[in-house]
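Q: Structure below; questions to follow.
The values are calculated or read from the model by the stated rules, or taken from the named source; none is laboratory data. Remember, predicted model here, so these are calculated numbers, not experimental data. Cβ atoms come from the backbone with ideal geometry, glycine included; neighbour counts cover every protein chain shown.
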Amino acid sequence: MSDVEPLIDPRMDFGVRAERRLREDSIGWLVTVSQDGTPQPNPVWFVWDGSSLLIYSMPDQAKLKHIARNPRVALHLDSQSHGDDIVVVTGSAAVDDSAPPIHENLPYLQKYTAEIERLDLGTPEVMAQSYSVPIRMTALKVRGF
């Protein structure tokens, strides 16, 4: 038996909801910190593997500079209209050169192909050319209520 406490406790109601939302929600807000210390939230698409999030970025985005300077980040999911069902993931992020491109990432394609088509972003191969930088956010804590 492992002494390591799970990141999300599947025995708790919050754990069940958080895991479901991290797997199913389409948009999360990635918060990086600019050079002057200002939090910078940006909506992103992501896939959750149980311990990390994979996000793809265009190469010229400020969030990449922020992460290179300060890898501490957060990702939060929108709450319900009354402010409940909050999920916040905190951790560290870095460019992950070992991650597959979008068009070769089956979990990402399963989650977002319909959105790629709906938003007229071209094929997954075309989108992979624009969103060519994979960011891996390693989760250190998941909190909420």
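Q: Can you find a residue in the stretch 34-57 that is assigned to a helix (DSSP H, G or I) and at pLDDT 95 or above?
A: The answer is no, given that none of the residues of the stretch 34-57 is assigned to a helix (DSSP H, G or I) and at pLDDT 95 or above.
Q: Could you tell me whether residue 95 is closer than 24 Å to residue 6 by Cβ, in contact with a Lys or Arg (Cβ under 9 Å, 6 or more places away or on another chain) and of a type in the set (A, V, I, L, M)?
A: Answer is no for this residue.
Q: I want to confirm something. Restricting to the stretch 95-127 and keeping residues that are among the hydrophobic types (A, V, I, L, M, F, W, C), under 18 Å from residue 26 (Cβ atoms) and touching a helix residue (DSSP H, G or I) at 6+ places or on another chain (Cβ under 9 Å), which single residue is surrounded by the most Cβ atoms within 10 Å (Cβ to Cβ)?
A: Residue satisfying both the conditions and the ranking: 102.
Q: Now for a different question. Out of (1) within 25 Å of residue 103 (Cβ to Cβ); (2) within 16 Å of the chain's Cα centre (by Cα), the odd one out for residue 20 is which?
A: The single condition residue 20 does not satisfy is (1).
Q: Among 8, 86, which is surrounded by 16 or more Cβ atoms within 10 Å (Cβ to Cβ), modelled with pLDDT under 95 and in contact with a His (Cβ under 8 Å, 6 or more places away or on another chain)?
A: One residue alone meets the criteria, 86.
Q: Considering only the stretch 18-42, state which residues are free of Cβ contacts under 8 Å to residues at least 12 places away in the same chain and polar (S, T, N, Q).
A: 38
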